[in-house]
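Below you'll find the structure, written out as structure tokens, and then a few comments.
The values are calculated or read from the model by the stated rules, or taken from the named source; none is laboratory data. Everything numeric here is computed off the predicted structure, so don't read it as measured data. Cβ coordinates were reconstructed from backbone atoms using ideal geometry, including for glycine residues, and neighbour counts include every protein chain displayed. The area values use the complete protein model at the heavy-atom level, side chains included, leaving out ligands, DNA and RNA. Shrake-Rupley method; radii C 1.70, N 1.55, O 1.52, S 1.80 Å.
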Amino acid sequence: MEQEMLQEEDVHSFADASLEIILRFDSNGRILYANARAKEELGYGEELETISLDTLFPAELHQEDGSFPLETALKMTEGTMYRKNGTCFPVEMAAKVNGSQHLLFAINVARQVETERKLVRMKEEMEETLKVRNEFVANVTHELRTPVNGVRGHVTNLLENGVAPEVRETLDIVIRCCDNMSAIINNILDFSKLEAGKFVIEEKEFNFYKMVNHTVETSIPAINAKGLRIMVNIDKVIPEYLIGDELRLTQVLNNFLSNAVKFTSVGYINIEVTKTLQFDDEIELFFVVSDTGIGISPEEKDKLFKSFSQVDASITRKYGGTGLGLAITKQLIELMHGNVHVDSEKGKGSSFSFSVRMHVAQKARDEHQVSEQFEFINQNQEMPGFDNVEKFFQFGTPENVQEIDSKLEKLILCMEVEAWDKAENFAHNIKELVEQAPKDIKRSAFRLEMNVRKGDYDKSVAQFNSLRAQLAENIGGM
Ligand code: ADP
């Protein structure tokens, strides 16, 4: 097919359809052609094809001697274009040499500049809003903390001065509520600081083993109260003294540990720490906190680590909490150059693992040995593997017998002091642990739970003794 030659009129009609200003000019700057857009935008009409380019660009091209700076004109990429009425607008441009004539393409970027200005304004407004919100959160949490501490202080005074046992129980609850409230306030404050990017990770020397031991120690009352066991192993190649943020690492470990305690009613919790990397004095530690608790399903897992998310609303009712703990923990871990992972199976248990990077302190580099003994660390306890969680519930296995034994012991203690809420939990645990036992034992455990629920001391004790006798007969020991 014969190719049609483009006629000048065709070129002009294309150029007229352009959103860009297109000008053709000679080496003296005289405009020979202007497209429709140029005529309209610059307000000259047909007259535009008689004037010189420097009239449109006085700032860039005007010369005192009246000459035309062709080189400059061909190199312009941005500038200010003036209309006939004296107003102006910013443009971006490109010039093209075409024999003795030249083409200039220019686009009005005023709108773009306006959009950019708007974006900058919006960003500033957002930052301002965020700042105001964070200040608000900081003020509110501070204001909340004062009365909570006040209430706690007064109640503690009352308790120290001696009160009737039934009042003591209520006041103990008030103290627990205050502590929960303080924990929530601290979480909200941390969260808002992390969001504002105002969190600073400290670099200070601390005794790593002591820190882990202390964190475990604070959870021991809760672990014992639930009749759980805990095992802590730290790989001895990890030096005793490290440099990092002890407070934040404690917060992270404590969050995993207290969740493990909170969501486990039968079995044990295991903490393992190993060294995964060392480069010069930089060291990477890998923590695993596992439990034999209620576990998390794969769908629920996706919701973890998101702020204000608790995997299931019924969990909030039963166990409390704000769902902020893991969201904060994840961000803290990332600030310590690590990451976090969870493995879990519903009904069997969970295993949260995370890494952090720290530095080895000079003291530790001089003497490699871990000098002190720590109460809860590396005790070489024998515990069943986490794969065998089923054994807790297989009636008659050593694991099952040991669990039943431990829960019976806790139950009778709670019954003696008439702590019926706790007693009910243990009676419920026992009922679950004998799920696979012969019928008469199951029936006994069921009755025991009922009597405990009613808070009937005499019947509960009688039922307790009868169940224990049945168990002794069936599996020995007890
Ligand atoms: P909270 O501050 O309310 O305890 P977290 O962010 O620490 O919230 O945890 C969020 C949710 O993740 C919990 O409500 C619970 O459903 C689930 N979860 C966390 N740890 C465990 C665990 N060890 N076993 C089972 N579920 C867990």
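Tabulated data
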item	result
Close pairs from the range 110-136: first open to solvent by less than 100 Å² (accessible area, probe 1.4 Å), partner polar (S, T, N, Q), Cβ under 9 Å, at least 6 apart	N134/S192
Tally, over the range 433-478, of residues that are not in a helix (DSSP H, G or I) and not charged (D, E, K, R)	8
Matching residues, the range 429-470, being closer than 18 Å to K226 by Cβ, touching a residue at least 60 places away in the same chain (Cβ under 8 Å) and open to solvent by 30 Å² or more (accessible area, probe 1.4 Å)	E432
Test: residue in the range 77-99 that is hydroxyl-bearing (S, T, Y) and surrounded by 15 or more Cβ atoms within 10 Å (Cβ to Cβ)	yes
Checklist (1) open to solvent by 70 Å² or more (accessible area, probe 1.4 Å); (2) aromatic (F, W, Y); (3) farther than 18 Å from Q101 by Cβ applied to F14, failing item	(3)
Test result for G295, of a type outside the set (S, T, N, Q), within 13 Å of the ligand (Cβ to nearest atom) and in a loop (DSSP other than H, G, I, E, B)	yes
Flag if F105 is open to solvent by less than 80 Å² (accessible area, probe 1.4 Å) and in a strand (DSSP E or B)	yes
Of all residues in the range 156-209 being small (G, A, S) and under 30 Å from I377 (Cβ atoms), the one that is farthest from the ligand (Cβ to nearest atom)	S182
Qualifying residue in the range 271-280 (condition: under 23 Å from the mean Cα position of the chain (by Cα), within 16 Å of the ligand (Cβ to nearest atom) and surrounded by 18 or more Cβ atoms within 10 Å (Cβ to Cβ))	yes
Identity of the residue in the range 305-321, in contact with a helix residue (DSSP H, G or I) (Cβ under 9 Å, 6 or more places away or on another chain) and more than 20 Å from V289 (Cβ to Cβ), that ends up modelled with the highest pLDDT	S307
Filter result for the condition that a residue is of a type in the set (G, A, S) and assigned to a strand (DSSP E or B), over A95, A59, A15, A38	A95
Long-range neighbours under 6 Å by Cβ, at least six apart or interchain, first residue surrounded by fewer than 17 Cβ atoms within 10 Å (Cβ to Cβ) within the range 19-40, second of a type in the set (K, R)	L32/R24
